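Structure first, commentary second.
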Amino acid sequence: MNLLRFFFKLLIFSTLYLATACTPFSDLLSQIQEQQPVVVKEIQPAYTPQPLPSMGQNNLQERLVAIYEYVNPGVVAIRTYTDFGGGGQGSGFVYDTLGHIVTNYHVVEGADEIEIAFSNGFRAMASLVGTDLNSDIAVVKVEAPVNQFKPLPLGYLKDVKVGQTVVAIGNPFGLSGSMTIGIISSLGRTLESMQSAPGGGLFTSGDLIQTDAAINPGNSGGPLLNLNGEVIGINRAIHTDEENSLYSPVNSGIGFAVPVDIVRKVVPELIEFGTYDYPYMGIESYRGDFTLKVLEALNVPANTVGAYVMGVTSGGPADQAGLRGGNRQTYIENLLSGGDWIIAIDGNPISTFNDMLSYIVGNTKPGDTVMLTILREGRQLELPLTLGKR
């Protein structure tokens, strides 16, 4: 038995000796390590909302109740304070379980302190993470127990159709947790952004969603939702000519929301970098309706469509690409004729300025080169344009 053990030990020793004699120990160690199973740690995304439980949409009342109970814990009221005793109110919604809250920039603009109130009564102060004046989006962050954060799921603009039923939840006039219902009235609206343009005035925000769901002061920054409980927009502004006794604008059935696709692009950048860079063309377009009178004044056929170039920013991307703005005053005030018409970008036809803006914002970034198809005095031309940064 002892002899057998001796030969067994000798065999092991000889094997190890031959291995080490031929291969350095570090290489042997690496070979052993390479043979170990590789364990890949799954990285959980910060944005992990749970879907609304499936149920039929035939009973609208039950559906709306379910949406409110599901969504309201993820909607917050925002109160801001300044060092001079001022402040304001708005709304927001929980973006992820790390404490990021999405709202409008104008809700927190100029605030020295930001207070967040959750639907269960929990309150905490927030810090500003990032802002985007072009889309009027801001992200703030709250330090709180993770069970306070109920992220809301994001939908897609491609699934949004005129006529769909939508709901808005927010903090109108300080009445937190208020829910209103309406429909999508239109798509592709534009408003002035809060970002100053080089040539004066403001840049334009595009692809806005129009809704008749009641939106009032304090709703700003809150979610506009579809019947799946998904955020399809951030309630931003209302169109009104009336004011109440407190000199606040009153809902008139025309509200505007920042589209969810902009939220998807901008918010992650704000969280990581604090800012978002938009592509820039450097043109001023005619924003009014192209009535027959306007088209006649521009001396173009009555069926002409596209983005009409009223002006070009000196030294900007459009100027460098050779685009021309209007240069002859017409009988219509502030309308110059003689400018180029942009009718397609990268082969994609466009009918309006908003079509062009939507393509640029949704499909390009600063430094990209796009191919413009233009009409100039009856001739069709192709012009490459390298986009700048706003």
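The values are calculated or read from the model by the stated rules, or taken from the named source; none is laboratory data. Values in this document were obtained by computation on a predicted structure and should not be read as measured data. Using ideal geometry, Cβ is built from the backbone for each residue, glycine included, and neighbour counts are taken over all protein chains shown.
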Quiz item: Looking at residue 144, is it in a strand (DSSP E or B), of a type in the set (Gly, Ala, Ser) and in contact (Cβ under 8 Å) with a residue 12 or more places away in the chain?
Solution: no
Quiz item: Does the range 119-134 include one or more residues that are assigned to a loop (DSSP other than H, G, I, E, B), over 20 Å from residue 218 (Cβ atoms), out of contact with any Asp or Glu (no Cβ under 6 Å at 6 or more places or on another chain) and not hydrophobic (A, V, I, L, M, F, W, C)?
Solution: yes
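Among the residues that make up the range 324-339, is at least one of them in a helix (DSSP H, G or I) and at pLDDT below 95? It would help to see each step written out before you state the result.
So in the range 324-339, the residues in a helix (DSSP H, G or I) come out as none.
No, the conditions are met nowhere in the range 324-339.
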Quiz item: Looking at this structure, is residue 367 touching a strand residue (DSSP E or B) at 6+ places or on another chain (Cβ under 9 Å), surrounded by 18 or more Cβ atoms within 10 Å (Cβ to Cβ), modelled with pLDDT under 95 and in a loop (DSSP other than H, G, I, E, B)?
Solution: no
Quiz item: Would it be correct to say that residue 314 is touching a Lys or Arg at 6+ places or on another chain (Cβ under 7 Å) and modelled with pLDDT of 90 or more?
Solution: no
Exercise. Would you mention how many residues in the range 340-354 are under 17 Å from residue 380 (Cα atoms) and not in a loop (DSSP other than H, G, I, E, B)?
Key: 7
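Looking for whichever is surrounded by 13 or more Cβ atoms within 10 Å (Cβ to Cβ), in contact with a Leu (Cβ under 8 Å, 6 or more places away or on another chain) and under 21 Å from residue 190 (Cα atoms) here; the options are 335, 383. Which one fits? Step through it out loud before you land on a result.
Values: 383 fails: under 21 Å from residue 190 (Cα atoms).
Just a single option satisfies the conditions, and that option is 335.
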Quiz item: Has the range 341-363 got at least one residue that is under 17 Å from residue 190 (Cβ atoms), touching a strand residue (DSSP E or B) at 6+ places or on another chain (Cβ under 6 Å), touching a residue at least 12 places away in the same chain (Cβ under 8 Å) and acidic (Asp, Glu)?
Solution: no
Practice problem: Considering every residue within the range 272-287, establish whether at least one is modelled with pLDDT of 90 or more, more than 30 Å from residue 92 (Cα to Cα), assigned to a loop (DSSP other than H, G, I, E, B) and in contact with a strand residue (DSSP E or B) (Cβ under 8 Å, 6 or more places away or on another chain). | Solution: yes
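I'm trying to understand the selection: among the residues of the range 73-89, which are modelled with pLDDT under 95 and buried (at least 18 other Cβ atoms within 10 Å of the Cβ)? Give the steps one after another, and end with the answer.
Let us first name the residues in the range 73-89 that are modelled with pLDDT under 95, namely 82-89.
Of everything in the range 73-89, those that are modelled with pLDDT under 95 and buried (at least 18 other Cβ atoms within 10 Å of the Cβ) turn out to be 88, 89.
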